Amino acid sequence: MIVLFTDFGAADPYVGQVKAVLQARAPRVAVIDALHDVPAFGIEPAAHLLAALAPRYPRASVFLAVVDPGVGGPRDAIMVQADGRRFVGPDNGLMSVVWQRAGRRACSRIAWRPSRLSTSFHGRDLFAPVAAALALGRAPRGWLVRRRSPQLLLDPGDLARVIYIDHYGNAMTGLRAAGVAQTAKLRVAGRSLARAETFGDARAGAPFWYENSIGLVEIAANGASAARKLRLKVGTPVALLQA
C-alpha cells in the first residue's frame, strides 16, 4: 500500500492530483490517507507525528510524506527505509526521526527527475511517481542512489511540545508515553494536569493527560475541547513532572 501523509489539506485540490498520478502508475495498489492536515510548514512536529503513526501501518508500506516549505529550493529528495517501511519525500528533516529510531535503516537520494517538474508541486510530479514505482517493485536502475543518511537530522528524542490538535480539541504532544509513571503530572499553559486512563475517568469538562492510541502523551478534556480551554496551539511547550 501507499500511505499519504501531507500538509496539503483535504479540502484543497492537491491530494486529488497526487492520487491521480498514483492511480495512473499503480492502479492496483491501495492508497491510504493517513493525514492531510499535518501542521502546515511544521517539519519538526510532523516528523514526530510521522514517527508515531508509521508503526501502525504494515511493513512494506510505502509512505509518501510531504511537508515541504522549501519545495523548488536546494533541499534534496530522498527515500528512506526504516524497519521494513519505505518513506519518500523531501530531505528536510521530515523523515529523519523515524529513520534514526529504526533498528534497520537505509537511505537513498532520489536522482530521477521527470521531464516536466513543477517548481511548487514535487509531491505530484516527483514523489508520487517514485512511491508508485517502489510499491510495484519496479524502481528503474539509477532512480535511487545510496546515501549514508539524510542530510538534515532532527533530534530523535521526545519533543516536549504540542505537535497536533484534532477536531475534538485534543492536543497530541511529541512525548512518548511508554515508561511515564501514571502518577506523573503534565505542566502546560500554567496548569498541572493529572493522568486519566480514559475520558470517562475525568470530571466533565476537566482537562487531563493520557496515553493515546499511537503511544503519545495527549492532552484532552472530558466532553470539551482541551485546546480551547487551555488556549493550546501547535508548538505550545509541555513538561512532565515525575511524582
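The values are calculated or read from the model by the stated rules, or taken from the named source; none is laboratory data. Note that the structure is a prediction, hence the values are computed from the model and not measured. For neighbour counting, all protein chains shown are included, and Cβ atoms are generated from backbone atoms with ideal geometry for every residue, glycine included.
Among the residues in the stretch 119-134, are any without any contact (Cβ under 8 Å) to a residue 60 or more places away in the chain and small (Gly, Ala, Ser)?
yes
What is the one condition in (1) modelled with pLDDT of 95 or more; (2) outside any loop (DSSP other than H, G, I, E, B) that Tyr168 does not satisfy?
So the condition that Tyr168 fails would be (2).
Would you please list the contacts, defined by Cβ atoms under 6 Å and residues six or more apart or on different chains, that run from a residue in the stretch 68-94 that is outside the structural domain of Asp7 (by TED's automatic domain parsing) and farther than 16 Å from Ser149 by Cβ to a residue that is assigned to a loop (DSSP other than H, G, I, E, B) and aliphatic (A, V, I, L, M)?
none
Does at least one position in the stretch 41-54 carry a residue that is in the same structural domain as Gly137 (by TED's automatic domain parsing), outside any helix (DSSP H, G or I), closer than 19 Å to Gly235 by Cα and at pLDDT 95 or above? Walk me through how you get there before you give the answer.
Taking the stretch 41-54 and keeping what is in the same structural domain as Gly137 (by TED's automatic domain parsing), we get 41-54.
Applying the additional criterion that residues be outside any helix (DSSP H, G or I) yields 41-42.
The next check asks that each one be closer than 19 Å to Gly235 by Cα; those that pass are 41-42.
Imposing the further condition that a residue be at pLDDT 95 or above reduces the set to 41-42.
Within the stretch 41-54 (the criterion being in the same structural domain as Gly137 (by TED's automatic domain parsing), outside any helix (DSSP H, G or I), closer than 19 Å to Gly235 by Cα and at pLDDT 95 or above), the answer is yes, since at least one residue qualifies.
Any residue in the stretch 209-229 that is touching a residue at least 12 places away in the same chain (Cβ under 8 Å), of a type in the set (D, E, K, R), surrounded by fewer than 21 Cβ atoms within 10 Å (Cβ to Cβ) and part of a loop (DSSP other than H, G, I, E, B)?
no
Conditions (1) polar (S, T, N, Q); (2) in contact with a Phe, Trp or Tyr (Cβ under 9 Å, 6 or more places away or on another chain); (3) within 22 Å of Asn92 (Cβ to Cβ), marked per residue:
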site: Gly137; (1), (2), (3): no, no, no
site: Trp143; (1), (2), (3): no, yes, yes
site: Arg148; (1), (2), (3): no, no, yes
site: Gln151; (1), (2), (3): yes, no, yes
site: Gly157; (1), (2), (3): no, no, yes
site: His167; (1), (2), (3): no, no, no
site: Ala171; (1), (2), (3): no, yes, no
site: Ala181; (1), (2), (3): no, no, no
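Do we find that Arg56 is among the charged types (D, E, K, R), loosely packed, with under 15 Cβ neighbours inside 10 Å and within 25 Å of Ala177 (Cα to Cα) in this structure? Don't jump to the end; show me each part of the working.
On the way: among the charged types (D, E, K, R): yes; loosely packed, with under 15 Cβ neighbours inside 10 Å: yes; within 25 Å of Ala177 (Cα to Cα): yes.
Judged against the criteria, Arg56 is a match.
If I ask for residues that are charged (D, E, K, R) and without any contact (Cβ under 8 Å) to a residue 60 or more places away in the chain, which ones from the stretch 159-175 would you list?
Asp166
Going through Pro69, Pro74 one at a time, which residue ends up being part of a loop (DSSP other than H, G, I, E, B) and touching a Phe, Trp or Tyr at 6+ places or on another chain (Cβ under 7 Å)?
Values: Pro74 fails: touching a Phe, Trp or Tyr at 6+ places or on another chain (Cβ under 7 Å).
Going through Pro69, Pro74 in turn, the sole match is Pro69.
Going through Asp7, Asp33 one at a time, which residue ends up being acidic (Asp, Glu), surrounded by 18 or more Cβ atoms within 10 Å (Cβ to Cβ) and under 16 Å from the mean Cα position of the chain (by Cα)?
Testing whether each residue is acidic (Asp, Glu), surrounded by 18 or more Cβ atoms within 10 Å (Cβ to Cβ) and under 16 Å from the mean Cα position of the chain (by Cα) leaves just Asp7.
Out of all the residues in the stretch 90-103, is one or more modelled with pLDDT of 95 or more and on the phi > 0 side of the Ramachandran plot? Let's see the steps before the verdict.
Within the stretch 90-103, the subset modelled with pLDDT of 95 or more is 90-103.
Filter once more, so that each one left must be on the phi > 0 side of the Ramachandran plot: 93.
Scanning the stretch 90-103 turns up at least one residue that is modelled with pLDDT of 95 or more and on the phi > 0 side of the Ramachandran plot.
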